[in-house]
Structures are given as structure tokens and as C-alpha cells.
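Read through the structure below, which is laid out as C-alpha cells, and then see the notes.
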């Protein structure tokens, strides 16, 4: 099955933020209490969160002649080598056959491993301590509908379809635009499901130049002291649960039994 993907052409993005609104509407997410100039320039809100799954970032490019705005839609990158899938200790994350990541919220224990290990700093914990990020509108895609953000984009900056076809379109656009135009996502982290056509180097847009995926829960992620503390806490929790279970299995005293009757 051909891998599905998304192409974000930053040369066409007008920062209307219609994608932000469409994402909240489709996923029934509340607005955030924020303030003007919360992020870089007019970027608002400041960052992704448990209730903001897509965000248009604002970056300034200053030259001798003028100041330009560089806009970029920021969301889950849908890595082929997905760190979030690799490090989740309870397998709450998995990969769909079409290539995008799926999160089972019922399994999520809020450990934050995906939050800490994502090379793009995308997943965030919500108020219920459940990790959240763009779901690639899986419910829409599986019913032959395009993601809400792509559906609402008026300038055609967000394209959805088969990744290989989108990559071919991106290469055509690079040849037309020339200059510093480049494609981001073709090889990063095994290939991203979200491709970018950028007008400058990735770092200018706030993207890591060489992101690296984590293959599994890193043994060196915690210091030796922290590892001992975690093991001790886990062992103590198990003992506590066993004690509660033992207490629950005790026979009911005769006087209490009579009272209940």
C-alpha cells in the first residue's frame, strides 16, 4: 500500500491560520487563553499543547534590503522511524499501514516518554496527563476524506495524497523557485510523512538540521540514581497493591457481617 503524506509548501502559506481553526473544530478542542505576541512575532499561541495540535510558526528573515516573514505549519511529522512508537512502554503508539502514527489514549499512562524523545518536540500532555499530537485526521482519512487542515487551506499550501507523488511535486516546485528552495523530510528520520518545501535552510524555520530517531527506550536516558529510584518506586507500588489485595481478601468479621445483614 502506498504511503500517504502531506506536502506543506511554505512559499504559498499566508499564515491565515485556517488550518489551526479547522484542526480545533474537527477534533472538538477548546481555544487556549493566550496573549498577543505570545510566540515569535505574531505567532499565537506560543507552542503546541494538549489542545493545540497544529500551529503556524512565524520566523523573520532579515536581509540588507527587507524583512520577510517565513511561515510554517507545525504538527506531528509522521516519521517513518517514529521515536514515539519506539519508546512507548505500554505500546499506546502504533503505525497504520498507510504510514501515519496512531495513539490509543486508553493505553496512555502519561509517562511522557514520547514527549521527551520526539526530535521535533511535538507531543504534549493534556490536563488528563494523556499525550496528544496531530492524529493525521485518521478518522477522516480512513473514510476517504482529506485531513481537515488540507481541506480548509485556501492558498493550496497544504497538499494531501500519496507521498511519492507529493515528493515529485515538491521537486518540481524547487526547480521553479530556485534560490535556497529545498525539500525537508525526504530522508529525515527515515522519511517524514509531512514534507516541507522551504525557502531557506531548515534552521531558519526552527527545524532541526539532522533530527535523529530513538530506536527504543534509551538505557542512558536516566542517571543511575534515577533508575534506582524508578525501580524502587515501582517495587513499592507493587507491594502496596499486593497489601491492598490481601486486605480485601480477609474474611469479614462476624459483627460486621451481622451489621450488613
Considering residues that are touching a helix residue (DSSP H, G or I) at 6+ places or on another chain (Cβ under 9 Å) and part of a loop (DSSP other than H, G, I, E, B), the number found within the range 51-106 is 18
Restricting to the range 132-152, give me the number of residues that are touching a residue at least 60 places away in the same chain (Cβ under 8 Å) and not in a loop (DSSP other than H, G, I, E, B).
8
With the condition kept exactly as written, say whether any residue in the range 113-121 is surrounded by 15 or more Cβ atoms within 10 Å (Cβ to Cβ), at pLDDT 95 or above and on the phi > 0 side of the Ramachandran plot.
no
Here the qualifying pairs (Cβ atoms under 6 Å; residues six or more apart or on different chains; first in the range 153-170 and touching a residue at least 12 places away in the same chain (Cβ under 8 Å) and assigned by TED's automatic domain parsing to the domain that holds residue 192; second exposed (fewer than 13 other Cβ atoms within 10 Å of the Cβ) and not in a helix (DSSP H, G or I)) come out as 162/2
Candidate set: the range 36-56, residues that are buried (at least 19 other Cβ atoms within 10 Å of the Cβ) and modelled with pLDDT of 90 or more; chosen: the one nearest to residue 121 (Cα to Cα)
48
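The values are calculated or read from the model by the stated rules, or taken from the named source; none is laboratory data. On a predicted model such as this, the values are computed, not experimentally measured, just so you know. Backbone-built Cβ (ideal geometry, glycine too); neighbour counts: all protein chains shown.
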